[in-house]
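Asker: Pasting a structure here, questions to come.
The values are calculated or read from the model by the stated rules, or taken from the named source; none is laboratory data. From a predicted model like this one, the values you see are computed outputs, not experimental measurements. Ideal geometry is used to build each Cβ from the backbone, glycine not excepted, and the neighbour counts take in all protein chains shown.
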Amino acid sequence: MDISRALLIEGWMEENELLWLAEQASTHKRIVEIGSWKGRSTRAMADNLPEGGTIVAVDTWKGSDEEPHREELSIHPDGWLLDEFKRNMAGLSNVTLLQQTSLAAAAIFQGHKFDMIFLDASHDYENVKADILAWGPLVAEGGLFCGHDYGAYSMIEGRKVHCGVMYAVDEFIPNHRIGMNSIWYGGLK
């Protein structure tokens with residue numbers, strides 16, 4: 001697995017998590033990633049796709065209310081994050097970006113199936129729940145439904161808050177497993 005270019009991109013995904021995603025991507029041809037930020041995980045997957053494989057990166061590229069996003073985006077002009085993502089995807093023809101909210105993108109893809117869906121967007125319970133319910137039905141039979149930040153914490157309004165990822169995954173994907181560190185995977189109940 002080649003994650004060398006992904007490691008050059010700033011982000012919160014750890015090296016062993018990137019390797020896990022790269023390994024999974026190497027066996028899937030139609031992938032969608034919800035929440036791409038600067039493209040660290042996108043690049044790890046895209047660089048390891050099999051011949052003919054594609055990945056759709058879904059994001060607003062406007063950040064969220066989580067402090068790391070607000071802080072970084074406050075010092076850059078509008079559009080900077082999207083430009084950063086595009087720069088980090090340079091040279092790739094197997095990545096399509098879709099600048100939409102998660103739920104708007106899921107509505108666009110109704111009737112389509114993906115053999116791998118990776119959720120890494122907002123981390124609060126309500127948004128994670130909505131993402132799971134919107135994207136879960138779009139996983140092809142035998143496909144991989146996975147996400148990031150199970151059990152992680154976020155800084156919201158100066159407070160360390162347990163992410164809603166764990167609560168939503170536990171509720172809607174009760175037989176989930178942990179792939180690496182905070183990456184979860186499993187099917188809807």
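Asker: Six or more apart or on different chains, Cβ atoms under 8 Å: show the pairs whose first residue is in the range 31-48 and closer than 11 Å to L21 by Cα and assigned to a helix (DSSP H, G or I) and whose second is modelled with pLDDT of 95 or more and among the hydroxyl-bearing types (S, T, Y).
Answerer: T42/S36
Asker: Which of the following residues is in a loop (DSSP other than H, G, I, E, B), touching an Asp or Glu at 6+ places or on another chain (Cβ under 6 Å) and of a type in the set (D, E): D78, D2?
Answerer: Working: D78 fails: touching an Asp or Glu at 6+ places or on another chain (Cβ under 6 Å).
None of the other options fit; the residue is D2.
Asker: Pairs needed: first member in the range 5-20, on the phi > 0 side of the Ramachandran plot and exposed (fewer than 14 other Cβ atoms within 10 Å of the Cβ); second member anywhere, assigned to a loop (DSSP other than H, G, I, E, B) and at pLDDT 95 or above; C-beta distance under 8 Å; at least 6 residues apart or different chains.
Answerer: If the second residue must be assigned to a loop (DSSP other than H, G, I, E, B) and at pLDDT 95 or above, no pairs are left.
Asker: Those residues that are assigned to a helix (DSSP H, G or I) and either among the aromatic types (F, W, Y) or closer than 17 Å to A57 by Cβ (or both), I need them from the range 108-138; list them, please.
Answerer: Here is the first cut: in the range 108-138, the ones assigned to a helix (DSSP H, G or I) are 108, 125-138.
The answer is I108, Y125, D131, A134, W135, L138.
Asker: Follow-up. Of a type in the set (S, T, Y), at pLDDT 95 or above and more than 21 Å from L18 (Cβ to Cβ): is that true of S102 in this structure?
Answerer: Working: of a type in the set (S, T, Y): yes; at pLDDT 95 or above: yes; more than 21 Å from L18 (Cβ to Cβ): yes.
Yes, satisfied.
Asker: Another question, then. (1) of a type outside the set (S, T, Y); (2) outside any loop (DSSP other than H, G, I, E, B); (3) within 27 Å of G186 (Cβ to Cβ); (4) touching a residue at least 24 places away in the same chain (Cβ under 8 Å): which one isn't true of A104, the others all being true?
Answerer: Going through the list (1) of a type outside the set (S, T, Y); (2) outside any loop (DSSP other than H, G, I, E, B); (3) within 27 Å of G186 (Cβ to Cβ); (4) touching a residue at least 24 places away in the same chain (Cβ under 8 Å), A104 breaks only (4).
Asker: Continuing with this model, one more query. Being among the hydroxyl-bearing types (S, T, Y) and exposed (fewer than 15 other Cβ atoms within 10 Å of the Cβ) is the filter here; which residues of the range 107-156 pass it? First the steps, then the outcome.
Answerer: Here is the first cut: in the range 107-156, the residues among the hydroxyl-bearing types (S, T, Y) are 122, 125, 150, 153-154.
The one that is among the hydroxyl-bearing types (S, T, Y) and exposed (fewer than 15 other Cβ atoms within 10 Å of the Cβ): Y153.
Asker: Looking at M116, M89, which is the one that is touching a His at 6+ places or on another chain (Cβ under 6 Å), modelled with pLDDT of 95 or more and among the aliphatic types (A, V, I, L, M)?
Answerer: Values: M89 fails: touching a His at 6+ places or on another chain (Cβ under 6 Å).
Criteria check complete, one pass: M116.
Asker: Please give the number of the condition E84 fails out of (1) part of a helix (DSSP H, G or I); (2) without any contact (Cβ under 8 Å) to a residue 12 or more places away in the chain.
Answerer: So the condition that E84 fails would be (2).
Asker: Any residue at all in the range 157-165 that's at pLDDT below 95, β-branched (V, I, T), under 18 Å from I117 (Cβ atoms) and part of a helix (DSSP H, G or I)?
Answerer: Going through the range 157-165, the residues at pLDDT below 95 turn out to be 157-165.
Applying the additional criterion that residues be β-branched (V, I, T) yields 161, 165.
Okay, now just the ones that are also under 18 Å from I117 (Cβ atoms), so 165.
Then keep just the ones that are part of a helix (DSSP H, G or I); that gives 165.
The answer is yes; a qualifying residue exists.
Asker: Does the range 65-77 contain any residue that is of a type in the set (K, R), at pLDDT below 95 and either touching a Leu at 6+ places or on another chain (Cβ under 8 Å) or buried (at least 18 other Cβ atoms within 10 Å of the Cβ) (or both)?
Answerer: Step one: list which residues in the range 65-77 are of a type in the set (K, R), which gives 70.
Then keep just the ones that are at pLDDT below 95; that gives 70.
Keeping just the survivors that are either touching a Leu at 6+ places or on another chain (Cβ under 8 Å) or buried (at least 18 other Cβ atoms within 10 Å of the Cβ) (or both) gives none.
There is no residue in the range 65-77 that is of a type in the set (K, R), at pLDDT below 95 and either touching a Leu at 6+ places or on another chain (Cβ under 8 Å) or buried (at least 18 other Cβ atoms within 10 Å of the Cβ) (or both).
Asker: Determine which member of the set A121, A152 is in contact with a Cys (Cβ under 9 Å, 6 or more places away or on another chain) and at pLDDT below 95. Walk me through how you get there before you give the answer.
Answerer: On the way: A121 fails: in contact with a Cys (Cβ under 9 Å, 6 or more places away or on another chain).
It is A152.
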